[in-house]
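> After the structure tokens below, expect a handful of questions from me.
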Amino acid sequence: MPRWLPRAMVLALGLVAAFQFGSWAFHQLTGLLLDVLIAFFLALAIEPAVSRMAALGMRRGLATFLVFLTLVVASAGFVTLLGSMLAGQIITMIEGFPEYLDSVINWVNATFHTELRRVDVQEELLHSEWLRSYAQNSAAGVLDVSAQVLGGLFRLLTITLFSFYFAADGPRLRRAVCSVLPPARQSEVLRAWEIAVDKTGGYLYSRSLMALVSGVAHYVLLEFLDVPYAPALAVWVGLVSQFIPTIGTYLAGALPMLIAFTVDPWYAVWVLVFVVIYQQFENYVLQPKLTAKTVDIHPAVAFGSVVAGTALLGAVGALIAIPAVATLQAFLGAYVKRYDVADDPRVHGHRRRVPARGLLTRVQGLLEHARQLWGERSTRAAETGADPSGSTAAAGEETTGKGAAGRGDAGEEAAGKRAGQQG
């Protein structure tokens, strides 16, 4: 056995074990890594406000604490207002459920000529197997829901703490990163960091604008339909639809529909139609323009980045995909050499004309040749002062006459020379 073979086998086994351990640790820490990534982008979003307050002489930690306190108070007040509103509306719906059921039964009887009664429908619902199984599953899933709620609160606290540290110790973190890099790399890292702050702030600004437009549009509709709590519902629609990816639109539209149903069931239908139409307007008109102006990426690239981010990281990837791609595009733009574009019509979408072939080409060639002959004839006629149509014939006759006279003179001279030689 060669001496190097045992060592190679031990090294190979060690590499396989290290890879397995690293893969296991990565899968175990995926949730923590995603929380850190979210916290980093959140810190980038509040970096301009914290830096502006620190420039005024405030300590950076205190400025970060004030920004987070404002966000927490605003979020808590909004959630409390919506919770009380939703609880009141649910109580109203439960109390008025018999009236809604009577109206539905009357409509069904009048339309389909049936003889349904509310008592029969209630008994069927209470004694149905579906309701019994649903109640059992709900009771068994209470512990799972509680565990998910507690896990969500713990994750939210983790994200908040990491984002606070990133924002408060931003200069120290940048100094620590740059301390292990050469000077040339340090400038590139700092420039990339600055670009990330600008792009993330632009993305947050565009989302805030779209939330404002969405809230105003839905407020006008809810106020027109005389739906209660229209301002709170408009704020709910604006924030949830813009800052919760993928399912935010459905969550945002469900609550106004529920509240509108308590006023009139047809109002819920109108709210649903408006939500669908506005969502199409936002996706194809409003969002591409605002995203392209604030984040400076093409709408198709923005859409593709959201799809790719959702496929890779789920909701987190959809939320941070656009600012991440915008940062990467702006950073790599400095290393891509660009040239002046030639002034070619094809650049503007104009196709070059291809010459036709066959009989049409030959006819065009003959016409062009005839046009050239006519132009030459007209030029000679202008020089001689003759008619273009008869100038050729006249010139031919004159030339013929001169040629005949010349030939006669030449003949007489030749005859005289021969007579002299004979003499």
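The values are calculated or read from the model by the stated rules, or taken from the named source; none is laboratory data. What you see is a predicted model; the values in this text were computed from it and never measured. FYI the Cβ positions are ideal-geometry reconstructions off the backbone, even for glycines, and counts take in every protein chain you see. Remember, those area values only see protein heavy atoms, side chains included, never the ligands or the DNA or RNA. Shrake-Rupley method; radii C 1.70, N 1.55, O 1.52, S 1.80 Å.
> Has the range 129-140 got any residue that is aliphatic (A, V, I, L, M), touching a Leu at 6+ places or on another chain (Cβ under 9 Å) and either more than 23 Å from Ala39 (Cα to Cα) or at pLDDT 80 or above (or both)?
The first filter runs over the range 129-140 and keeps only residues aliphatic (A, V, I, L, M), leaving 131, 135, 139-140.
Add one more test, that the residue is touching a Leu at 6+ places or on another chain (Cβ under 9 Å), and what stays is 131.
Now drop any that are not either more than 23 Å from Ala39 (Cα to Cα) or at pLDDT 80 or above (or both), which leaves 131.
Within the range 129-140, one or more residues are aliphatic (A, V, I, L, M), touching a Leu at 6+ places or on another chain (Cβ under 9 Å) and either more than 23 Å from Ala39 (Cα to Cα) or at pLDDT 80 or above (or both).
Table: residues versus (1) of a type in the set (Asp, Glu); (2) outside any helix (DSSP H, G or I); (3) within 19 Å of Asn283 (Cα to Cα); (4) open to solvent by 30 Å² or more (accessible area, probe 1.4 Å).
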position	(1), (2), (3), (4)
Trp193	no, no, no, yes
Leu212	no, no, yes, yes
Val216	no, no, yes, yes
Leu222	no, no, no, no
Leu233	no, no, no, no
Leu239	no, no, yes, yes
Leu251	no, no, yes, yes
Phe261	no, no, no, yes
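> Determine which member of the set Leu82, Leu5, Leu44 is touching a residue at least 12 places away in the same chain (Cβ under 8 Å) and over 28 Å from Lys199 (Cα atoms).
Details: Leu5 fails: touching a residue at least 12 places away in the same chain (Cβ under 8 Å); Leu44 fails: over 28 Å from Lys199 (Cα atoms).
None of the others qualify; the one that does is Leu82.
> On to the next question. Please list, ordered by first then second residue, the pairs with beta carbon atoms under 7 Å, 6 or more apart or interchain, first in the range 181-194 and at positive phi, second modelled with pLDDT of 85 or more and open to solvent by less than 60 Å² (accessible area, probe 1.4 Å).
Note: no pairs meet the criteria.
This table checks each residue for (1) part of a helix (DSSP H, G or I); (2) β-branched (Val, Ile, Thr); (3) more than 23 Å from Val67 (Cβ to Cβ).
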residue	(1), (2), (3)
Arg7	yes, no, yes
Leu11	yes, no, yes
Val16	yes, yes, yes
Gln20	yes, no, yes
Leu32	yes, no, yes
Ala39	yes, no, no
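> Name the single residue that is nearest to Ala254 (Cα to Cα) among those in the range 93-105 being surrounded by 11 or more Cβ atoms within 10 Å (Cβ to Cβ) and among the aliphatic types (A, V, I, L, M).
Here the answer is Met93.
> What is the one condition in (1) of a type in the set (Val, Ile, Thr); (2) open to solvent by less than 70 Å² (accessible area, probe 1.4 Å); (3) farther than 24 Å from Leu156 by Cα that Ile90 does not satisfy?
Here Ile90 clears every test but (2).
> A further question on this structure: (1) more than 29 Å from the chain's Cα centre (by Cα); (2) surrounded by 16 or more Cβ atoms within 10 Å (Cβ to Cβ); (3) within 22 Å of Gly61 (Cβ to Cβ): which one isn't true of Val197, the others all being true?
(1)
> Go through the range 163-191 and give me each residue that's of a type in the set (A, V, I, L, M, F, W, C), in a helix (DSSP H, G or I) and either in contact with a strand residue (DSSP E or B) (Cβ under 9 Å, 6 or more places away or on another chain) or more than 20 Å from Arg59 (Cβ to Cβ) (or both). Walk me through it before giving the result.
Taking the range 163-191 first, the residues of a type in the set (A, V, I, L, M, F, W, C) are 164, 166-168, 173, 176-178, 180-181, 184, 189-190.
Among the residues that remain, those that are also in a helix (DSSP H, G or I) are: 164, 166-168, 173, 176-178, 184, 189-190.
Hits for the range 163-191 are Val177, Cys178, Ala184, Val189, Leu190.
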